[in-house]
1. Roughly what percent of Cα-Cα pairs across the chain reach past 31 Å?
2. Taking the solvent-accessible surface of protein heavy atoms with a 1.4 Å probe, what is the per residue accessible area of the chain in Å²?
3. Using only the C-alpha atoms of the range 113-173, find the volume of their convex hull and express it per residue in Å³.
4. Highest mean first, how do 37-50, 116-129 rank when packing is the count of other Cβ atoms within 10 Å averaged over residues?
5. Please list 243-253, 96-106 highest first by mean number of surrounding beta-carbon atoms within 10 Å per residue.
6. Angle, helix 165-175 long axis vs. longest principal axis of the chain, Cα atoms, 0 to 90°, nearest 10?
7. Take ILE265, project a point 7 Å from its Cα along the Cβ direction, then tell me which residues of the range 89-130 have their backbone nitrogen under 18 Å from it.
8. I'd like to know how the range 146-224 sits against the 2.2 N^0.38 Å rule of thumb: what's its Cα Rg over that expected value?
Amino acid sequence: MDKVRIIVAGPRGRMGREAVKLVLDTENYELAGVLDYKNEGKTVGELDGFPASEAKIYTDIHQCFKEQNPDVLIDLTTPEVGMEHTVTALEYGVRPVVGTTGFTSGDLDKLEGLCKQTGLGCIIAPNFAVGAVLMMKFSQMAAKYFQDVEIIELHHDQKLDAPSGTAVKTAEMIASVREEKRQGHPNEKETLPGARGADIDGMRVHSVRLPGLIAHQQVLFGSDGQTLTIRHDSYNRASFMSGVKLAVDTVVKSSTLVYGLENIIE
Ligand SMILES: NC(=O)c1ccc[n+]([C@@H]2O[C@H](COP(=O)([O-])OP(=O)(O)OC[C@H]3O[C@@H](n4cnc5c(N)ncnc54)[C@H](O)[C@@H]3O)[C@@H](O)[C@H]2O)c1
Ligand SMILES: O=C(O)C1=N[C@H](C(=O)O)CCC1
């Protein structure tokens, strides 16, 4: 069987480093190159702290795709860069696996259209950790019985986007089954703006940023005389890699946009 030729965008980032390792350590994957904004002309093996690899570093995505003709792009960058990479990948016939968070619903609509037009698969996964996907699914199940819910997401203090992609996805999954409700007292008033967190469909979302954390979320449900808390913790970035592998193995066979790993986990 031919190896899956993969480009990793954002290789020197916290997630990108793990993804490069995953690709190099997986027998039927080949690291075709990486996309960075610097180090053009060097190889991955020349970067500090990277395993031996002759894969080339590109700063120009067009040159990269033309020279390497890869099968898959794994993007772990920032929302603006990630969206540009994803659109360009689909235009070049490359299937994207996107872990980058912060895409808007407009971005997702555009990508869905591009997938239809090109017949290519694309996977956007706000969270690759299997436990986090289960947390979201369990929360969706619980929301049928508990209308009142608040989400607390906790991440490291270098995270750029808030709320997290996971919190947004969780709220969307809950909203799809929950009877609409504006929570809290009808006369509730914030005496300090932001005290009640962000509002997604009447659900409150609170973002904590602290050094020492990696990626954590708890979903709290309340009703008469009882609460239910569903919590997930990622203690390292290796926790995301089995999900990245599942997404790569799935996207090479798919022809539509998939938003969320819950749609491909059995
Ligand atoms: N889906 C998931 O399970 C999951 C898990 C962790 C992080 N994330 C998301 O992944 C993204 C990256 O997270 P991180 O913690 O690795 O961030 P990071 O800041 O450590 O890494 C981002 C990398 O992108 C690189 N970059 C910026 N502009 C670029 C460009 N034009 N071309 C190529 N590379 C460029 C930066 O140099 C940096 O190394 C974030 O959006 C984060 O929310 C998702
Ligand atoms: O470290 C991050 O950044 C993470 N972002 C994702 C999100 O926004 O949900 C998932 C977990 C880690």
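The values are calculated or read from the model by the stated rules, or taken from the named source; none is laboratory data. Small disclaimer: the values here were computed from a predicted structure and weren't measured. Cβ placement follows ideal geometry from the backbone for every residue including glycine, while neighbour counts extend to all protein chains displayed. All accessible areas refer to the heavy atoms of the entire protein, side chains included, with ligands and DNA or RNA removed. Shrake-Rupley method; radii C 1.70, N 1.55, O 1.52, S 1.80 Å.
1. For the chain, the fraction of Cα-Cα distances above 31 Å is 29 percent.
2. With the other protein chains kept in place, the chain gives 49 Å² per residue.
3. It comes to 131 Å³ per residue, whole-number rounded.
4. Descending mean neighbour count gives 116-129, 37-50.
5. Packing proxy ranking, top to bottom: 96-106, 243-253.
6. Taking Cα atoms only, the helix is inclined about 50 degrees.
7. Under cut-off, by backbone N: 98-101, 123-130.
8. This ratio for the range 146-224 stands at 1.13.
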